[in-house]
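The values are calculated or read from the model by the stated rules, or taken from the named source; none is laboratory data. Predicted model, so just to flag it, every value in this text is computed and none were measured. Note that we place each Cβ from the backbone using ideal geometry, even for glycine, and neighbour counts take in every protein chain shown. Heavy atoms of the whole protein, side chains included, go into the accessibility calculation; ligands, DNA and RNA do not. Shrake-Rupley method; radii C 1.70, N 1.55, O 1.52, S 1.80 Å.
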Amino acid sequence: MHDIRAIRENPAAFDAALARRGDAAMSSELLSVDEARRALIHAAETAQAEQNKASKEVGAAKARGDEAEFERLRALVSAKKAEVAELQEKAKAEDAKLTDMLARIANLPADDVPEGADEEDNVEVSRWGTPRETNFETKEHFEIAGVAPGMDFATAAKTSGARFVMLKAAVARVHRALAQWMLDTHISENGLTEVQSPVLVRDDAMYGTDKLPKFGEDSYQTTNGWWLIPTSEVTLTYSVAGDVLEEAQLPIRLTAHTLCFRSEAGSAGRDTAGMLRQHQFEKVEMVSITHPEHSDAEQKRMLRCAEGLLEALGVPYRTVVLCTGDMGFGARRTYDIEAWLPGQNAYREISSVSTTGNFQARRMNARFKPAGGGKPEFVHTLNGSGLAVGRCLIAVLENGQQADGSVDLPEVLTPYLGGKTRIDPSGALV
């Protein structure tokens, strides 16, 4: 959510920031509604004052026996009361209109975000690991002999339709091991607090984390009004909604492993093979609630948490900073980590780490009291995948595949797999 006062003070800067995203100027339209709203509020306050004045004079007229003046003033009070109600209703409507307009405008990019139109203009900032050379043709995850028995797309389609998968046996166990290992790493090494959060939320939680009103079609809603979360960013971030925290409580660093649900609206025909893009998937999420002065450093810290997981798994990756035209709606700056997938001979996104500044905090009124005194300030919120479990599974399977169709698994998973280290060509964990 944007601060209308900041737009009033510097409308040109607001429009220039929107232009960097490729969005049209909005300040003139916003300020027009804001001016109408403020004029109605002023008119209502003026009419209220006139009503109050007339109310005081009614008794005096009655006391001195001036019946004509008494009736005139009584009629005036009644008229002013109706006028105040009408003006307040109109002001309320303009306020709702302004709020809705502001809620549909994307966050403004940080000054250091590179300008660009789409993913082709993203800028690589680092790279780790070297894709291994093989003397055999690498396959996509679902084509690997030892993996294919553990990925049942046909049965999932029978029960649920397209973009679902049933994981079985060794593959299901590796998937579960990845999630457990990620959580344990975040808790024991990265200093995050584990949360077991709901996957059903109310409108307020989706709105406060900028998923509504603009992107309702991207998520699923139940018949009684709950929303299935697209990620636990929603529940973890909204956990501080309406709070006024003590500065000493910051930063708050949370992690959760949950099911996630996305309609994949607008992605028809993309990544239909395999389990890269699913309606239901699992993710280990990281969320930080920070002091505004520390949010940029916190984003770098969160990025390293996610990168460290891939390094421990031995999966080559590259990190890119998204350009202005490719950033998500609520992001002020986003880093994507792209894992190397040999089967596609390409780097594909496995984590996004974003700072929203105070964009979400304004929507959900999350603030903190400065230690030195003064008015409460809005916190900054950050979120990042640490990691998307299904995509991580794909990366582990494809990078570990062998010529005979077996898969060598990362050593860090061995304790979670009962000492087993491989999936053999038949699909057994050995």
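Computed values, structure above
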| read-out | value |
| --- | --- |
| Subset of the stretch 276-304 (residues that are surrounded by fewer than 22 Cβ atoms within 10 Å (Cβ to Cβ), within 18 Å of ALA179 (Cβ to Cβ) and of a type in the set (A, V, I, L, M)) | LEU276 |
| When residues of the stretch 84-93 are limited to those that are without any contact (Cβ under 8 Å) to a residue 40 or more places away in the chain and open to solvent by less than 70 Å² (accessible area, probe 1.4 Å), the one farthest from the chain's Cα centre (by Cα) | ALA85 |
| Verdict on GLY400 being surrounded by fewer than 20 Cβ atoms within 10 Å (Cβ to Cβ) and within 30 Å of PRO149 (Cβ to Cβ) | no |
| Residue count for the stretch 27-40, restricted to those that are crowded, with 18+ Cβ neighbours inside 10 Å and of a type in the set (D, E, K, R) | 2 |
| Residues of the stretch 212-226 classified as modelled with pLDDT of 95 or more, under 13 Å from PHE261 (Cα atoms), open to solvent by less than 90 Å² (accessible area, probe 1.4 Å) and not β-branched (Val, Ile, Thr), total | 2 |
| Boolean, GLU307 is among the acidic types (Asp, Glu), open to solvent by less than 40 Å² (accessible area, probe 1.4 Å) and touching a Leu at 6+ places or on another chain (Cβ under 7 Å) | no |
| Hits in the stretch 198-211 (condition: outside any loop (DSSP other than H, G, I, E, B), closer than 19 Å to GLY357 by Cα and open to solvent by 20 Å² or more (accessible area, probe 1.4 Å)) | TYR207 |
| Matching residues in the stretch 120-134 - criterion: being in contact (Cβ under 8 Å) with a residue 60 or more places away in the chain and either out of contact with any Ser or Thr (no Cβ under 7 Å at 6 or more places or on another chain) or open to solvent by 60 Å² or more (accessible area, probe 1.4 Å) (or both) | ASP121, ASN122, VAL123, GLU124, VAL125, ARG127, TRP128, GLY129, THR130, PRO131, ARG132, THR134 |
| Every pair of residues 6+ apart whose Cβ atoms lie under 6 Å, when the first sits in the stretch 64-75 and is in a helix (DSSP H, G or I) while the second is of a type in the set (A, V, I, L, M, F, W, C) | GLU69/ALA61; PHE70/ALA61; LEU73/ALA54; LEU73/VAL58; LEU73/ALA61; ARG74/VAL58 |
| Filtered residues of the stretch 135-144 (kept if in contact (Cβ under 8 Å) with a residue 24 or more places away in the chain and open to solvent by 50 Å² or more (accessible area, probe 1.4 Å)) | ASN135, LYS139, PHE142, GLU143 |
| Subset of the stretch 353-384 that is of a type in the set (Gly, Ala, Ser), open to solvent by 10 Å² or more (accessible area, probe 1.4 Å) and in contact (Cβ under 8 Å) with a residue 40 or more places away in the chain - its residue that is nearest to ILE105 (Cα to Cα) | SER354 |
| Answer from ALA24, ALA63, ALA49, ALA43 - the residue that is over 35 Å from the mean Cα position of the chain (by Cα), on the phi < 0 side of the Ramachandran plot, at pLDDT 95 or above and exposed (fewer than 13 other Cβ atoms within 10 Å of the Cβ) | ALA49 |
| Residue tally, condition without any contact (Cβ under 8 Å) to a residue 12 or more places away in the chain and aliphatic (A, V, I, L, M), over the stretch 412-428 | 0 |
| Odd one out for VAL174, checked against (1) in contact with a Pro (Cβ under 7 Å, 6 or more places away or on another chain); (2) surrounded by 13 or more Cβ atoms within 10 Å (Cβ to Cβ) | (1) |
| Wholly within the stretch 230-325, strands (runs of 3 or more DSSP E) carrying at least 3 residues that are within 23 Å of GLY390 (Cα to Cα) and at pLDDT 95 or above | 252-261, 280-290, 317-321 |
| Breaking point among (1) free of Cβ contacts under 8 Å to residues at least 24 places away in the same chain; (2) open to solvent by 20 Å² or more (accessible area, probe 1.4 Å), for ALA156 | (2) |
| Residue ID - surrounded by the fewest Cβ atoms within 10 Å (Cβ to Cβ), chosen from residues in the stretch 177-197 that are part of a helix (DSSP H, G or I) and polar (S, T, N, Q) | SER188 |
| Any hit, the stretch 249-267, residues being of a type in the set (D, E, K, R), touching a residue at least 60 places away in the same chain (Cβ under 8 Å), touching a strand residue (DSSP E or B) at 6+ places or on another chain (Cβ under 9 Å) and crowded, with 20+ Cβ neighbours inside 10 Å | yes |
